[in-house]
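A short write-up of the structure that comes next.
The values are calculated or read from the model by the stated rules, or taken from the named source; none is laboratory data. Just so it is clear, the model here is predicted, and its values are computed rather than measured. Glycine gets a Cβ as well: all are built from the backbone with ideal geometry, and neighbour counts include every protein chain shown. We work out accessible area using only protein heavy atoms, side chains counted, and drop any ligands, DNA or RNA first. Shrake-Rupley method; radii C 1.70, N 1.55, O 1.52, S 1.80 Å.
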Amino acid sequence: GQQVIGAKALWDQNFHGQDILVGVVDGMVDVNHNQLQNNIYINPNEIPDNGIDDDNNGFIDDYKGIKLTKEVNDPMVNIHGSHVAGIIAADPSQGGPIHGVADQAKIIPAQFIGNNEGGNIADAIIGIQYVIKQGAKIINLSWGATTCNSIPNLQDVLAKASSQGVLIVTAAGN
């Protein structure tokens with residue numbers, strides 16, 4: 001894919017996604033994966049694992065993004081968010097085979113898709129709003145359903161994001 005989009009030409013000019021925040025509103029992103037861990041956005045206003053909403057944004061311990069599902073993730077099943085994050089920002093210098101398109105960008109995970117590959121559009125909207133508030137200027141939404149284009153609340157959030165200069169990226173089939 002990187003050859004098709006001409007990524008090497010940008011890398012040769014030292015464009016690697018530096019200072020870019022990308023929201024991944026999807027399934028679980030493995031924030032501890034060796035090729036992703038250095039490229040996960042850290043919320044500077046949150047103290048990890050203290051059980052407190054330190055930044056008063058409505059999310060407790062959102063140090064490395066948010067999880068809107070209640071279930072325990074099965075990392076052998078819920079892999080799509082990590083897959084998407086790797087395409088965007090996998091760091092090849094960390095001992096793995098993948099070279100993300102923007103290997104120095106920071107990923108803001110907002111998980112709304114569970115182990116069963118299903119998710120609630122209301123949670124997706126919360127995820128979109130969350131990553132924007134954290135500063136994402138690009139949001140990846142590699143999911144879809146036949147009715148996504150007819151959900152007024154989703155369309156309103158996407159239109160507002162776009163009017164704020166946020167680039168919305170979706171998979172071609174979605």
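Using per-residue counts of other Cβ atoms within 10 Å, averaged over each peptide, order 81-88, 96-103 from highest down.
Working: 81-88: 22.9, 96-103: 17.8.
Final packing ranking: 81-88, 96-103.
Estimate the FRET efficiency between Asn14 and Gln94 by the formula 1/(1 + (r/R0)^6), using the beta-carbon distance for r and 30 Å for R0, to the nearest 0.05. Show your work: numbers first, answer last.
Working: r = 19 Å, r/R0 = 0.63.
After rounding, the FRET efficiency stands at 0.95.
Please compute the modelled spin-label separation between Ile79 and Lys137, points set 7 Å along Cα→Cβ, answer in nm with one decimal.
The modelled label-to-label distance comes out at 3.3 nm.
Using a Cα-Cα cut-off of under 19 Å, which aspartates and glutamates could be cross-linked to Lys133, ignoring same-chain neighbours fewer than 8 residues away?
Asp19, Asp26, Glu46, Asp53, Asp54, Asp55, Asp61, Asp62, Asp123, Asp156
Taking 8 Å as the Cα distance limit and 6 or more residues as the minimum spacing, I'd like the relative contact order of the chain as a percentage. Can you show the working numbers first?
Details: 332 pairs, mean separation 49.1, N = 174.
Worked out over the chain, it gives 28 percent.
First select every other residue whose beta carbon is under 15 angstrom from the beta carbon of Ile125; then total the charges, Lys and Arg +1, Asp and Glu -1.
Values: positive: Lys133, Lys160; negative: Asp26, Asp123, Asp156.
Here the count lands on -1.
Under 14 Å from the Cβ of Asn78, count the other residues' Cβ atoms, weight Lys and Arg +1, Asp and Glu -1, and hand me the total. Before the final figure, lay out each step's value.
Working: positive: Lys67, Lys70; negative: Asp26, Asp30, Glu71, Asp74, Glu117.
Counting the neighbours of Asn78, the net charge comes to -3.
If you roll a 1.4 Å probe over the heavy atoms of the protein chains, what accessible area per residue do you get for the chain, in Å²?
Details: 9480 Å² over 174 residues.
For the chain, the per-residue accessible area is 54 Å².
Tally Lys and Arg at +1 and Asp and Glu at -1 over the other residues with C-beta under 13 Å from the C-beta of Asp26: what net charge comes out? Please report the intermediate quantities before stating the final value.
On the way: positive: Lys67; negative: Asp30, Glu117, Asp123.
Summing Lys/Arg as +1 and Asp/Glu as -1 gives -2.
Using only the alpha-carbon atoms of the range 101-141, report the extent along each of the three principal axes, biggest first, to the nearest angstrom.
31, 21, 11
Along the principal axes of its C-alpha atoms, what lengths does the range 10-159 span, in descending order and rounded to whole Å?
Result for the range 10-159: principal-axis Cα extents of 42, 39, 32 Å.
For Val22, enumerate residues with amide H under 5 Å from its amide H, sequence gap 5+ or separate chain, H modeled in the peptide plane.
Answer set, sorted by chain and number: Lys106, Ile107, Ile108.
Once both labels are modelled 7 Å past Cα along the beta-carbon direction, what's the Leu167-Ser150 spacing in nm?
It works out to 3.2 nm between the two label points.
Taking 0.36 nm per residue of sequence separation and subtracting the Cα-Cα distance, how much length would be gained by fully extending the chain between Asn50 and Asn115, in nm to one decimal?
Working: separation 65, 0.36 × 65 = 23.40 nm, distance 2.60 nm.
Result: 20.8 nm gained on full extension.
Which one, Asn39, Asn73, Asn140, has the greatest fluctuation when you compute a Gaussian network model over the chain with C-alpha springs under 10 angstrom?
Highest fluctuation among the options: Asn73.
Quick one: pull the percent of accessible area on the chain belonging to carbon and sulfur, 1.4 Å probe, ligands and nucleic acids left out.
Numbers: 5190 of 9480 Å².
Percent of accessible area from carbon and sulfur atoms in the chain: 55.
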